[in-house]
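**Student:** Supplied in structure tokens, the structure appears directly below.
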Amino acid sequence: MNRKQFDPLKIIRTFTALKILKTIAALQKYLQQQNKKTIGLVPTMGALHQGHLSLIALAKAQTAIVVCSIFVNPTQFTNALDLEKYPRPIETDIIKLEQAECDVLFMPETTEMYPQKEHWHLDIGEVEHRLEGKFRPGHYQGVMQIVYKLFVAVKPDLAFFGQKDFQQFRVIEKMAELKKLPVKLVMCPIIREADGLAMSSRNIHLTAEERQHALVLSRALNHLKNVPVKEASAQIILKEAVEMIKAEPGVELEYLEIVNADDLSEDLSHPEKGTIALVAAKVGQTRLIDNMILG
Ligand code: PAF
């Protein structure tokens, strides 16, 4: 065989069942043909890693048809360079989805999701403006805008999101409630590398040295694991964790806070949904987030 003609990707695609759809019309036509089977949606921006694949696996276990969307959503980026730099390894993503036996990949162009200029704003209260919201103003409006569009297009019974973006989960929950969307949101655990680093599409931007420094984030969260949140000593332990991060070379701490896991406020007096420690830091040029549910 002529080596130049041999394309392993083409061969895999011929024999696997992953349906790749690029328009909302084609997606809806396909889903309507599936005879009201339960639909699970895994929204992503691609550069898939084990964390995403664990969402696909959970979606497969709980729904009949799994749709994974890959769309690098411009409206949620607050920095043009970050949008430009966002990794887009679509060929390997497709192979991973085929291996994970995902049913549908929805990968629209920007013009499909935003055919015309539009204004979006949904007031969800303070949860938008705390923590990430302070450092990336407008980010969650963009997230809600695209997730709303995806929910309307796919009409999923269940939608799966990672705990790593904990605040995002609370924001989407609020949006779905206010828009009265009949979708159940499922939060899936953080998947970590063996050394504790939370998996993220952004990790590939880290140099080997930066990657070592980034481990301080999970170490600091572990330091808070058994913190007695309601006692005064909690503040001392939190300060130790903050100092730990500040002392790490090449790491610029943005926030490390212990908050109510329900509304992400500092009010820990009635934490029905527990408490959570959330951290964000820049490691070199790469911004990383992580968190740990405390109780
Ligand atoms: O978490 C992400 O990857 C994105 O914010 C999401 C939910 C796919 C919306 O673009």
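The values are calculated or read from the model by the stated rules, or taken from the named source; none is laboratory data. Keep in mind the model is a prediction, meaning the values are calculated, not measured. Here the Cβ is made from the backbone with ideal geometry for all residues, glycine too, and neighbour counts use every protein chain on show. The protein model used for the area step is the full one, side chains on, heavy atoms only, and it has no ligands, DNA or RNA in it. Shrake-Rupley method; radii C 1.70, N 1.55, O 1.52, S 1.80 Å.
**Student:** Using just the helices of the chain, give the 222 nm mean residue ellipticity in deg cm²/dmol: DSSP H runs with n ≥ 4 each add -39,500 (n - 2.57), and the total is spread over all residues, rounded to 500.
**Tutor:** On the way: 11 runs with 113 residues, N = 295.
Helix contribution divided over all residues of the chain: -11500 deg cm²/dmol.
**Student:** Taking the full set of protein chains and a 1.4 angstrom probe, give the accessible area of Val147 in square angstrom, rounded to the nearest 10.
**Tutor:** About 10 Å², ignoring ligands and nucleic acids.
**Student:** Which residue, Asp165, Asp103, Asp123, tops the fluctuation ranking in a GNM of the chain built on C-alpha contacts under 10 Å?
**Tutor:** Evaluated over the chain, the most mobile residue of the options is Asp123.
**Student:** First measure r as the distance between the Cβ atoms of Lys239 and Leu178, then evaluate 1/(1 + (r/R0)^6) with R0 = 45 Å and state the FRET efficiency to the nearest 0.05.
**Tutor:** On the way: r = 37 Å, r/R0 = 0.82.
Given R0 = 45 Å and the Cβ-Cβ separation, E is 0.75.
**Student:** Heavy-atom accessible area per residue, the chain, 1.4 Å probe: how many Å²?
**Tutor:** On the way: 15150 Å² over 295 residues.
Accessible area per residue, the chain: 51 Å².
**Student:** Along the stretch 116-123, what does the Karplus equation 6.51 cos²θ - 1.76 cosθ + 1.60 (θ = phi - 60°) give for ³J(HN,Hα), rounded to whole Hz, x for Gly and Pro?
**Tutor:** Values per residue, Gly and Pro as x: 9, 4, 9, 10, 10, 8, 10, 7 Hz.
**Student:** Would you mind telling me the antiparallel percentage of the DSSP bridges in the chain, rounded to 5? Kindly include the intermediate steps, with their values, before the conclusion.
**Tutor:** Working: 18 of 37 bridges.
Given both bridge residues lie in the chain, the antiparallel proportion sits at roughly 50 percent.
**Student:** While we're here: Out of all Cα-Cα pairs in the stretch 151-295, roughly what percent, to the nearest whole number, are more than 28 Å apart?
**Tutor:** On the way: 2611 of 10440 pairs.
For the stretch 151-295, the fraction of Cα-Cα distances above 28 Å is 25 percent.
**Student:** Give me the one-decimal Kirkwood hydrodynamic radius in Å for the stretch 211-283, with the sum taken over alpha-carbon pairs.
**Tutor:** Details: mean 1/r = 0.0793 Å⁻¹.
Evaluated on the stretch 211-283, it is 12.6 Å.
**Student:** Tell me, how many Å apart are the Cα centres for the stretch 23-39 and for the stretch 78-115?
**Tutor:** 20 Å
**Student:** Also, quick follow-up: So for the chain, Kirkwood radius off the Cα pairs, Stokes-Einstein at 25 °C and 0.890 mPa s: how many µm² s⁻¹?
**Tutor:** 120 µm²/s
**Student:** In whole percent, and with a 1.4 Å probe on the protein chains, what portion of the accessible area of the chain is carbon and sulfur? Don't skip to the answer; put the middle values down first.
**Tutor:** Working: 8040 of 15150 Å².
On the chain, the fraction of accessible area on carbon and sulfur atoms equals 53 percent.
**Student:** Pull out the extension gain between Lys37 and Gln116, defined as 0.36 nm times the separation in residues minus the alpha carbon to alpha carbon distance; nm, one decimal.
**Tutor:** Numbers: separation 79, 0.36 × 79 = 28.44 nm, distance 3.22 nm.
Separation in residues times 0.36 nm, less the Cα-Cα distance, equals 25.2 nm.
**Student:** Now for a separate question. Counting Lys and Arg as +1 and Asp and Glu as -1, each charge on the Cβ, what is the dipole of the stretch 45-176 about the Cα centre in debye, to the nearest 20?
**Tutor:** Details: 13 positive and 17 negative charges, 60 e Å.
Roughly 300 debye for the stretch 45-176.
**Student:** Further question on the same structure: Would you mind checking which residues have amide H under 5 Å from Gly162's amide H? H placed 1.01 Å from N; only 5 or more apart, or other chain.
**Tutor:** Those qualifying (amide H under 5 Å, at least 5 residues apart or on another chain) are Cys188.
**Student:** List the trypsin sites (Lys or Arg not before Pro) within the stretch 120-215 that DSSP assigns to loop and that have no more than 14 neighbouring Cβ atoms inside 10 Å.
**Tutor:** On the way: sites: Arg130, Lys134, Lys149, Lys164, Arg170, Lys174, Lys179, Lys180, Lys184, Arg192, Arg202, Arg211; in loops: Arg130, Lys179, Lys180.
Listed in order of number, the matching sites are Lys179, Lys180.
**Student:** Can you list the chymotrypsin sites (Phe, Trp or Tyr not before Pro) in the stretch 104-197 that are in a DSSP coil and have 14 or fewer other beta carbons within 10 angstrom? Can you show the working numbers first?
**Tutor:** Details: sites: Phe106, Trp120, Phe135, Tyr140, Tyr148, Phe151, Phe160, Phe161, Phe166, Phe169; in loops: Trp120.
Hits after loop and neighbour filter: Trp120.
**Student:** If you take every residue apart from Ile65 with its C-beta less than 13 Å away from the C-beta of Ile65, what net charge results, scoring Lys and Arg +1 and Asp and Glu -1?
**Tutor:** Working: positive: Lys19, Lys36, Lys37, Lys60, Lys155; negative: Glu101, Asp103, Asp157.
Net charge in that neighbourhood comes out at +2.
**Student:** Could you check the simple spin-label distance between Lys19 and Gln285, using points 7 Å along Cα→Cβ, in nm with one decimal?
**Tutor:** 4.1 nm
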